[in-house]
1. Within the bounds of segment 133-140, is there any residue that is surrounded by 20 or more Cβ atoms within 10 Å (Cβ to Cβ) and without any contact (Cβ under 8 Å) to a residue 40 or more places away in the chain?
2. Say whether the condition of being in contact (Cβ under 8 Å) with a residue 40 or more places away in the chain, more than 15 Å from the ligand (Cβ to nearest atom) and more than 15 Å from the chain's Cα centre (by Cα) is met by at least one residue in segment 106-120.
3. Return a yes/no flag: does segment 63-81 have any residue that is polar (S, T, N, Q), under 14 Å from VAL43 (Cβ atoms) and in contact with a helix residue (DSSP H, G or I) (Cβ under 7 Å, 6 or more places away or on another chain).
4. Could you tell me whether any residue of segment 68-87 is of a type outside the set (A, V, I, L, M, F, W, C), under 29 Å from ALA12 (Cα atoms), within 16 Å of the ligand (Cβ to nearest atom) and free of Cβ contacts under 8 Å to residues at least 24 places away in the same chain?
5. Counting only residues that are away from the ligand (no atom under 13 Å from the Cβ), more than 23 Å from HIS129 (Cβ to Cβ) and outside any loop (DSSP other than H, G, I, E, B), how many does segment 1-48 have?
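Derivation of every value follows stated rules applied to the coordinates shown; laboratory data play no part. Owing to the predicted nature of the structure, the values given are computational and were not obtained by experimental measurement. Reconstructed Cβ throughout: ideal geometry from the backbone, glycine too, with neighbour counts over all protein chains shown.
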Amino acid sequence: MKPEQVLREIAAEVEACTRCPLHVGRRRAVPGEGSPTAEIMLVGEAPGFYESVAGRPFVGPAGQLLDRLLEQIGLSRQQVFITNLVKCRPPRNRDPEPEEVAACEPYLDRQIRTIQPKIIVTLGRHSLHKFVPHAKIGQVHGQPIRHQGLLIVPMYHPAAALRAYSMHQALEEDFARLPQFLQQAETLSEPPPDQDIAEDDSDDDSPPAPQQLSLF
Ligand code: SF4
C-alpha cells in the first residue's frame, strides 16, 4: 500500500477512535497532515482549541509562528509532516495524561514507520519525552539525538516561544540549523554495525541509552 493510503487509513481510525477518554466531547480529531514522504516530521503535544475546530494541526498563533519558521528555511507545510503526540484536544488544554499518551502512541508510531522521516523535530517536552524520557528540554534543545534508529531534534514548543522571548530566540536559532542537520542526517541514517549486533543478540529489552551526537 502507498504511504498516502496508509496515512489516510490511520487518519480515518483516529477520527473514529475511542481508545482514551479524550474522545468524549471532542469536536474534531487531528491526525496530522503533510507530505507522506517528508524528510522532516514535526511532533507537537496535543491539538488546542483552533486545531480541534479545524481538524488540522498548528493552525492558531503557534501554527503561524511554525509556518514562519519553516518559510525561513525554505520549506512549506506541504513539504513536512506535522502531527501531535495525542490526536484529540485535552479539556482546557491541560497536559495529556500518561494513559492518554500510551493509548494514542500507536498512531504516531505507525505514521513514523510509514513516512520514515530523516529527522523528527519534537516540539515541547511531552513530545521529547516520548523519544528521550527524562531529557531536559532546556539542556538538549537544538541538539540532534540519535535514539533507536531515529534522529531526534528537540525544540521548544512554538506556543511556549510566543510567551517567552528567550525561547522564541532559541527556537529560531534551532530551526535555522535544521537544513544542516538534514544534510548530515544522510550519513547518520544507518546504525553502526556493532549496534546492530548488540540489538540482535541481547536478551535485555530495555531501550538503549540515547546517544547525543557531537557531529553538529
Ligand atoms: S487522543 Fe488518541 S487514543 Fe485518545 S481518543 Fe483521540 S485518537 Fe484515540
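1. The answer is yes, given that some residue of segment 133-140 is surrounded by 20 or more Cβ atoms within 10 Å (Cβ to Cβ) and without any contact (Cβ under 8 Å) to a residue 40 or more places away in the chain.
2. no
3. No - not one qualifying residue is present in segment 63-81.
4. No, there is no match, as no residue in segment 68-87 is of a type outside the set (A, V, I, L, M, F, W, C), under 29 Å from ALA12 (Cα atoms), within 16 Å of the ligand (Cβ to nearest atom) and free of Cβ contacts under 8 Å to residues at least 24 places away in the same chain.
5. Summing the residues that are away from the ligand (no atom under 13 Å from the Cβ), more than 23 Å from HIS129 (Cβ to Cβ) and outside any loop (DSSP other than H, G, I, E, B) in segment 1-48 gives 8.
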